[in-house]
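Notes for the one structure printed next.
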2 protein chains.
Amino acid sequence: MTESLDQAPERISEAEHAIMEVLWARHPLAAAEVCEDVCGARGWSMPTVKTLLARLVAKGAVATEPDGRRFLYTPVLEREAYLGGESRRMVERLFGGRPAALFAQLADAEALNNDDIAEIERLLRELRS
Amino acid sequence: MTESLDQAPERISEAEHAIMEVLWARHPLAAAEVCEDVCGARGWSMPTVKTLLARLVAKGAVATEPDGRRFLYTPVLEREAYLGGESRRMVERLFGGRPAALFAQLADAEALNNDDIAEIERLLRELRS
DNA sequence: TTTCGCCGTTTACAGCTGTAGTCAGATCGA
DNA sequence: TCGATCTGACTACAGCTGTAAACGGCGAAA
């Protein structure tokens with residue numbers, strides 16, 4: 001397996017993830033614009049957003065590009081990679097790496113509605129081909 | 001129903017979860033026995049296990065029963081409930097509550113092997129009936 | 001009865017996380 | 001030119017987490 005010379009996984013916290021979602025949806029953005037998108041929903045203030053952005057930059061998950069006197073922020077870490085990594089980590093930690101066990105759990109907890117089931121079936125058919 | 005032990009979900013950390021897994025597998029156990037099961041694998045020492053057990057008791061996830069001069073520990077929180085809750089939380093947080101998106105992600109990351117797929121198909125057939 | 005060892009409890013402490021205040025420098029408008 | 005702003009940087013701080021040492025009581029062995 002790829003022992004990745006790349007960057008260490010560098011965990012992203014939940015608050016940081018909220019910032020990433022904003023940037024994944026639209027970028028590059030200035031700090032103030034990120035705040036517009038997220039401060040209301042989470043009850044944060046500008047300083048909070050700035051701190052989180054700075055931490056993300058320090059972790060290499062977000063890049064900056066100067067724009068006059070301010071910075072524009074762009075995600076470096078890709079959404080797919082992040083979600084994939086988190087999902088696998090979770091399946092690993094909670095279900096011993098067996099995705100089927102996760103599926104069984106969700107089914108058991110009735111967390112799957114008919115649409116979910118239909119879509120998962122479609123995905124499986126696709127995988128098979 | 002029973003009076004709310006579950007009003008507040010009372011998050012369980014990863015280290016605490018390792019302890020819970022030991023107790024779910026076998027209980028009741030004394031602290032020393034828990035350590036036997038987990039100290040080697042995680043490189044922990046007795047004090048660490050004791051701290052984690054104490055925190056779990058404080059959170060109401062584990063109950064104690066006196067056994068001579070020591071305590072025996074038994075899980076109160078059930079494994080199914082814990083896994084279900086964690087799974088749903090994760091699907092909520094990362095995939096906007098759409099389990100199918102999680103599966104698409106796992107499929108995309110090639111985290112599903114043939115056995116997983118076969119088992120999920122079997123579960124789907126079961127659900128259908 | 002005195003001491004030793006085991007057990008749970010208390011205390012410790014550094015790193016991460018959530019949340020935010022303050023500050024110094026750049027810049028735009030007057 | 002000079003202050004009002006805006007921006008990122010630095011600082012702060014409490015709570016949670018991982019990890020563990022120190023303490024104090026109680027029963028067993030001597």
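Observations on the model:
- In a reduced charge model with +1 at each Lys and Arg Cβ and -1 at each Asp and Glu Cβ, chain B shows a dipole moment near 360 debye about its Cα centre.
- Think of chain B as having a plus end and a minus end, set by charges on the Cβ of Lys, Arg, Asp and Glu; of B:Gly40, B:Leu72, B:Val22, B:Leu72 sits farthest toward the positive end of this dipole.
- Between B:Leu23, B:Leu53, B:Leu106, the residue with the greatest mean-square fluctuation in the GNM of chain B (Cα pairs under 10 Å linked by springs) is B:Leu106.
- Surface composition of the range A:45-90: carbon plus sulfur atoms hold 53% of the accessible area, using a 1.4 angstrom probe and ignoring ligands, DNA and RNA.
- Note on B:Lys59: lysines with a C-alpha under 23 Å away, same-chain residues under 8 apart excluded, are B:Lys50.
- Prolate/oblate/rounded label for the protein assembly as shown (Cα gyration tensor, a/c 1.5): oblate
- Rounded to the nearest 20 debye, the dipole magnitude of the range B:14-75 is 200 debye, with +1 charges on Lys and Arg beta carbons, -1 on Asp and Glu beta carbons, and the Cα centre as origin.
- Low-density loop cleavage sites - trypsin sites (Lys or Arg not before Pro) in the range A:1-97, where at most 14 other Cβ are within 10 Å (DSSP): A:Arg11, A:Arg26, A:Arg69
- For the range A:32-37, Karplus couplings with θ = phi - 60° (6.51, -1.76, 1.60), whole Hz, Gly/Pro x: 4, 5, 4, 4, 3, 6
- Cα centroid separation - the range A:83-129 against the range B:64-100, whole Å: 19
- Cβ-derived FRET efficiency at R0 41 Å, A:Ala109 paired with A:Thr48, nearest 0.05: 0.75
- Where the protein assembly as shown is the region considered: accessible area per residue in Å², 1.4 Å probe: 59
- Cα convex hull of the range B:1-103, projected area averaged across orientations, nm²: 8.2
- Inter-probe distance in nm under a simple model that places probes 7 Å from Cα toward Cβ, at A:Glu36 and A:Leu72: 1.4
- Other protein chain Cβ atoms within 10 Å, averaged over every residue that makes up B:89-96: 4
- Using only side-chain charges placed at the Cβ, +1 for Lys and Arg and -1 for Asp and Glu, the dipole size of the range B:79-128 relative to its Cα centre rounds to 320 debye.
- Efficiency of FRET from Cβ geometry, B:Glu21 and A:Ala58, R₀ 30 Å, rounded to 0.05: 0.35
The values are calculated or read from the model by the stated rules, or taken from the named source; none is laboratory data. Here the structure is a predicted model, which is why all the values come from computation and not from measurement. Cβ: placed from backbone, ideal geometry, glycine included. Neighbour counts: every protein chain shown. When the accessible area is computed, the model is the full protein with side chains, heavy atoms only, and any ligands, DNA or RNA have been set aside. Shrake-Rupley method; radii C 1.70, N 1.55, O 1.52, S 1.80 Å.
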